[in-house]
Amino acid sequence: GPDVAETWFNRLQPSVRHALRCALPRFYMHRRFWLNDPDCLVVRDNSSNLTLDEARFLASGVALSGGLAMLSDDLATLSAERLPVALAALPPLGEAAQPLDILERTTPSIYTLRLRRGDEVWWLAGVFNWDDEPADFSLDLAALGLTGAVHAFEFWEQRYAGRVRGSLEIRRILPHSCHVYALRPATERLQIVSLSGHISQGGVQLESAAYGDAR
């Protein structure tokens, strides 16, 4: 992708919006022609115009690109609010998400990725609002092969979005914001719904999981 900068959008200069609009749709080239390079991760709130939502937007895009994750900020100067944003994208996941709505929008807004670690299988769904106004989105779970009940957990707000079927209705995502959901098929046994720390919610922290007899 092109260069990024510590600003959301500038028509003539590098910016978060322009960098990710170019990098994310190149998912199909990752590990075929190169390793995707969405440029540097910028999350700082000093010497920067990025809001917290915009910093999370960038971190989400970098992580879901599957490619390189390079932090350009001085760790020692990051605030307690911004440091977790940087760490959420490190280390790189290595797998690129694909746009679910590539034929519906000029700039795709919903990127999904199937993950498997041992016997654990789940989907990540990054929902990006590129616009300057709040927006609603609907995620068709059947398009991911999820036909039963699904546990949905949103990473940035650390919020359980419920046990859903058919579609995940996402209301009023703020401008320049992104929600990242872990979608796990519901079972009748104890199960993992999400892991904190990394945006993959288990993709880099979890190697395998085993469940004993509940009795």
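The values are calculated or read from the model by the stated rules, or taken from the named source; none is laboratory data. Just so you know, these numbers come straight off a predicted model, no measurement behind them. All Cβ positions, glycine included, derive from the backbone under ideal geometry; neighbour counts span all protein chains shown. These area figures cover heavy atoms from the full protein model, side chains too; ligands, DNA and RNA do not enter into them. Shrake-Rupley method; radii C 1.70, N 1.55, O 1.52, S 1.80 Å.
Observations, loosely collected:
- Each residue in segment 165-198 was checked for being surrounded by fewer than 18 Cβ atoms within 10 Å (Cβ to Cβ) and either in contact with a Ser or Thr (Cβ under 6 Å, 6 or more places away or on another chain) or in a strand (DSSP E or B) (or both), and 5 of them qualify.
- Residues within segment 192-211 that are polar (S, T, N, Q), at pLDDT 90 or above and at negative phi, tallied: 3
- Flag if residue 214 is aliphatic (A, V, I, L, M), modelled with pLDDT under 95, farther than 23 Å from residue 90 by Cα and out of contact with any helix residue (DSSP H, G or I) (no Cβ under 7 Å at 6 or more places or on another chain): yes
- Among residues of segment 16-41, those that are touching a strand residue (DSSP E or B) at 6+ places or on another chain (Cβ under 8 Å) and outside any helix (DSSP H, G or I), counted: 3
- Segment 161-182 residues that are on the phi > 0 side of the Ramachandran plot, paired with ones that are open to solvent by 30 Å² or more (accessible area, probe 1.4 Å) and in a loop (DSSP other than H, G, I, E, B) (beta carbon under 8 Å, 6 or more apart): 172/134; 176/51; 176/132
- Residue 155 in contact (Cβ under 8 Å) with a residue 60 or more places away in the chain and either over 30 Å from residue 49 (Cβ atoms) or of a type in the set (Phe, Trp, Tyr) (or both): yes
- Test: residue 208 is more than 15 Å from the chain's Cα centre (by Cα), touching a residue at least 24 places away in the same chain (Cβ under 8 Å) and surrounded by fewer than 17 Cβ atoms within 10 Å (Cβ to Cβ): yes
- Lone qualifier among 67, 94 - being under 26 Å from residue 32 (Cβ atoms), modelled with pLDDT under 95 and touching a Leu at 6+ places or on another chain (Cβ under 6 Å): 67
- Residue match in segment 25-36 (condition: modelled with pLDDT under 90, under 21 Å from residue 179 (Cβ atoms) and crowded, with 19+ Cβ neighbours inside 10 Å): yes
- Checked against the criterion of being under 28 Å from residue 170 (Cβ atoms), over 13 Å from the mean Cα position of the chain (by Cα) and open to solvent by less than 10 Å² (accessible area, probe 1.4 Å), the candidates 85, 62, 43, 4 yield just one match: 43.
- Contact annotation: residue pairs with Cβ atoms under 8 Å, 6 or more positions apart or on different chains, pairing a residue in segment 62-77 that is among the hydroxyl-bearing types (Ser, Thr, Tyr) with a partner that is surrounded by fewer than 13 Cβ atoms within 10 Å (Cβ to Cβ), are 77/46.
- Options 140, 119; residue that is open to solvent by 60 Å² or more (accessible area, probe 1.4 Å) and at pLDDT 95 or above: 140
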